[in-house]
Structure formats: structure tokens, C-alpha cells
Amino acid sequence: MENTPQPPQLTIADLASLKQIVDAACTRGAFKAAEMRAVGETYDKLSAFLDATQQAAQAAEQAQPQGDQNA
């Protein structure tokens, strides 16, 4: 059996944590004023991605048949 290293995994939970980290860093003044546009644009993209992912997960969950709940 060959031990092939697995590529790094990045989960939705990791991205949500990253969003919180960026928010905390901004609140604490970790970025220079000239950097704020890039930080804000990236934060907005990340937020939109997480929102879309959450909506897709909720839609998929609602689309699944509930099955017999009396079992």
C-alpha cells in the first residue's frame, strides 16, 4: 500500500473561521488604511460564498424526502 500524502483540505467551517478572523483583525486595526479596500472586497466575496453555500445546503436539505418519521 502506497502512502500518498493527501492534499490539504479546506472546509466551509474553515472559511467561516477565516471570515471571523478577518472581522476581528479589522476591528483591532490590524490592516493599514490602504489595505482596507482589498480586505473588504475579499471579505465580501467570502461572505457571499458562505451565504450561497448555506442557502444551497438548506435547499438540498429541504429537497430530500423526510421518510417515515414514525419509525
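Quick look at the numbers
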quantity: Total charge dipole magnitude, the chain, about the Cα centre, Cβ charges on Lys, Arg, Asp, Glu only, Debye to nearest 20; calculated: 400
quantity: Accessible area per residue, Å², the chain with all protein chains present, probe 1.4 Å; calculated: 90
quantity: Degrees, to the nearest 10: 12-27 long Cα axis against longest axis of the chain; calculated: 30
quantity: Computed [θ] at 222 nm, helices only, for the chain once each DSSP H run of length n ≥ 4 contributes -39500 (n - 2.57); calculated: -21500 deg cm²/dmol
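The values are calculated or read from the model by the stated rules, or taken from the named source; none is laboratory data. Everything quoted here is computed from the prediction, not taken from an experiment. Glycine also receives a Cβ, built like all others from the backbone with ideal geometry; neighbour counts cover every protein chain displayed. For accessibility, only protein heavy atoms count, side chains too; no ligands or nucleic acids. Shrake-Rupley method; radii C 1.70, N 1.55, O 1.52, S 1.80 Å.
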